[in-house]
Amino acid sequence: MKKFSLYIIYIVIFLTNAQSYAQQDTMKGYRVEGDEIVFSFDRRDYDKATSDESGKKYDFDDLDIENVVVSGEFNKWSTKKWKMTKVDENIYELRKKITDFTDEFSWEFKFVINNSYWAEPSDEDKNIVRATKNGSRLNVYNLKMYTAYPHDLGNASFILKGYQNAKKVVVSGSFNKWNENLFLMNKTEDGWSLKLQMKPGEYQYKFIVDGQWIADPHNLYKTTNEFGGYNSILNIKVPVDFILNGYPNAEKVILAGSFNNWSDNNYKMIRTKNGWKYTVSLSGGKHHYKYIIDDQWIVDPDNPVKEYDAEGNINSVCMVK
């Protein structure tokens with residue numbers, strides 16, 4: 001789409017300290033490189049496999065691997081669609097764009113051998129969850145993939161001052177399905193800190209200090225939760241460029257949208273060589289907008305995506321992912 005460009009800082013994992021390394025190293029089955037999720041299967045990491053038909057377990061060394069498939073919630077647990085590429089005698093990989101996935105914060109997945117045998121993670125793998133079938137828990141695990149990751153240049157900084165005598169501090173929230181162990185914070189001179197790279201959007205979170213859940217005492221933005229307490233709120237935004245080509249004779253061009261309550265004077269666009277431009281920091285999701293050219297409202301002529309609003313007006317649509 002010509003209209004606007006999204007400068008989303010995707011996660012590039014540089015393991016520059018021991019804490020980050022420990023957390024990333026325990027994420028079995030995938031990693032993030034730039035704007036891609038790389039699923040990685042290493043046969044040496046698995047001891048058992050379960051037959052899809054009989055449920056019988058096999059020693060992994062007894063299987064002759066012909067192909068490996070990524071199967072999970074994101075592809076309706078297909079055992080054939082997401083076929084992996086063989087890298088060497090032990091490793092298979094599959095690359096997918098982050099934008100190929102929905103806005104869910106985590107997905108369960110597994111690897112399927114020869115379209116028939118499910119590679120079984122062990123209970124020692126950190127990103128596991130008990131598998132279920134028809135609502136009943138099974139005696140095997142699925143792997144879990146999250147959209148938030150520790151990164152030294154992450155776009156979300158979590159800081160908790162004090163608590164120097166605490167043994168373990170974790171940040172937990174809607175971005176990791178409130179996992180109580182995944183994101184260990186790093187001890188600093190005056191407290192604890194952790195940076196995460198996260199998709200744009202609004203999230204709820206809390207800190208867990210030696211097992212005790214607390215809201216962020218330094219964040220005034222909170223919401224009540226189902227337990228009668230409070231969760232802290234974090235809104236991750238990214239800069240979005242709105243560009244209107246042409247209209248060199250216009251005296252004034254305004255950007256109006258759902259993100260500024262349709263103000264007709266707030267966002268005055270800047271004249272450029274080829275037209276007009278204005279940059280807005282937006283959270284994830286759908287945003288409606290229009291341009292006001294010398295008091296005349298128009299939809300974006302370069303953006304084919306349009307929708308009716310609740311009042312029957314046609315607006316251009318900007319999606320931030």
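Since every read-out is calculated from the coordinates, none of them should be taken as a lab result. This is a predicted model, so every value here is computed, not measured. With ideal geometry, Cβ positions are generated from the backbone for all residues, glycine too; neighbour counts draw on all protein chains shown.
Compute the FRET efficiency between residue 283 and residue 190 as 1/(1 + (r/R0)^6), taking r as their Cβ-Cβ distance and R0 = 30 Å, and round to the nearest 0.05. Provide the component values of the computation, followed by the final result.
Numbers: r = 30 Å, r/R0 = 0.99.
After rounding to 0.05, the efficiency reads 0.50.
Summing Lys, Arg as +1 and Asp, Glu as -1, what charge do residues with Cβ under 9 Å from the Cβ of residue 48 carry, residue 48 excluded? If you can, show how the numbers build up before the last one.
Working: positive: 57; negative: 47, 59, 120.
The answer is -2.
Determine the calculated [θ] at 222 nm for the chain from helices alone, applying -39500 (n - 2.57) to every DSSP H run no shorter than 4 residues and normalising by the residue count; nearest 500 deg cm²/dmol.
Details: 1 runs with 8 residues, N = 321.
My calculation for the chain gives -500 deg cm²/dmol from helical runs alone.
Under a crude label model (7 Å from the Cα following the beta-carbon direction), how far is residue 65 from residue 95 in nanometres?
Spacing of the two 7 Å Cα→Cβ label points: 1.9 nm.
Quick one: if the Förster radius is 56 Å, what FRET efficiency do residue 58 and residue 167 give, using the C-beta to C-beta distance and rounding to 0.05? Mind dumping the intermediate values first?
Numbers: r = 41 Å, r/R0 = 0.73.
Given R0 = 56 Å and the Cβ-Cβ separation, E is 0.85.
Just need the relative contact order of the stretch 17-146 here, percent rounded to a whole number, with Cα pairs under 8 Å and 6+ apart. All intermediate terms of the calculation are to be shown ahead of the outcome.
On the way: 231 pairs, mean separation 34.7, N = 130.
About 27 percent, as a whole number.
Set the bar at 32 Å for Cα to Cα. Now go through 110/199; 86/237; 80/133; 97/177; 76/321 and name every pair that lies beyond it.
Listed pairs above 32 Å: 86/237.
All other residues with a Cβ under 13 Å from the Cβ of residue 167 taken together, and with Lys, Arg as +1 and Asp, Glu as -1, what is their net charge?
Working: positive: 168, 187; negative: 210.
Once positives and negatives cancel, what remains is +1.
By the scheme Lys and Arg +1, Asp and Glu -1, what is the net charge of all other residues having a beta-carbon under 11 Å from that of residue 63?
Values: positive: 43, 48; negative: 59, 61, 62, 64, 66.
Around residue 63, the surrounding residues sum to -3.
So, with +1 on the Cβ of K and R and -1 on the Cβ of D and E, and no other charges, what is the size of the charge dipole of the stretch 59-199 about its Cα centre, to the nearest 20 debye? List each step's numbers first, then the result.
Details: 21 positive and 21 negative charges, 152 e Å.
In total the dipole reaches around 720 debye.
Quick check on the stretch 238-320: take the gyration tensor over C-alpha atoms, sort the square-rooted eigenvalues as a ≥ b ≥ c, and tell me if it's rounded (a/c under 1.5), prolate or oblate.
Numbers: a/c = 1.61, a/b = 1.33, b/c = 1.21.
Here the stretch 238-320 falls in the prolate category.
Give the label of the value calculated from the structure for P(r) over Cα pairs in 10 Å bins from 0, in percent, choosing from (i) 5, 21, 24, 22, 17, 8, 2, 0; (ii) 6, 28, 35, 23, 7, 1; (iii) 5, 23, 29, 23, 13, 6, 1, 0.
Correct label is (i).
With a cut-off of 8 Å between alpha carbons and a minimum separation of six or more residues, what is the relative contact order of the chain in percent?
14 percent
For the stretch 304-309, what does the Karplus curve 6.51 cos²θ - 1.76 cosθ + 1.60, with θ = phi - 60°, yield as ³J(HN,Hα) per residue in whole Hz, taken in order and with x for Gly and Pro?
Each residue's phi maps through the Karplus curve to give x, 8, 9, 8, 7, 9 Hz.
For the stretch 61-124, rounded, prolate or oblate, judged on the Cα gyration tensor with a ≥ b ≥ c (square roots of eigenvalues), a/c < 1.5 rounded, else prolate if a/b > b/c?
Here the stretch 61-124 falls in the prolate category.
Report relative contact order for the stretch 149-236 in percent, whole number only (criteria: Cα-Cα under 8 Å, sequence separation at least 6).
Working: 181 pairs, mean separation 27.7, N = 88.
Here the relative contact order equals 31 percent.
Using only the Cα atoms of the stretch 256-295, build the gyration tensor, take square roots of its eigenvalues as a ≥ b ≥ c, and label the shape rounded, prolate or oblate: rounded if a/c is under 1.5, else prolate if a/b is larger than b/c, else oblate. Could you put the intermediate results ahead of the total?
Values: a/c = 2.27, a/b = 1.43, b/c = 1.59.
It is oblate, given that a/c is not under 1.5 and a/b is not larger than b/c.
Starting from the amide H of residue 252, placed 1.01 Å from N in the peptide plane, find each other amide H under 5 Å away whose residue is 5 or more places distant or on another chain.
Counting only residues 5 or more places away or on other chains, the set is 294.
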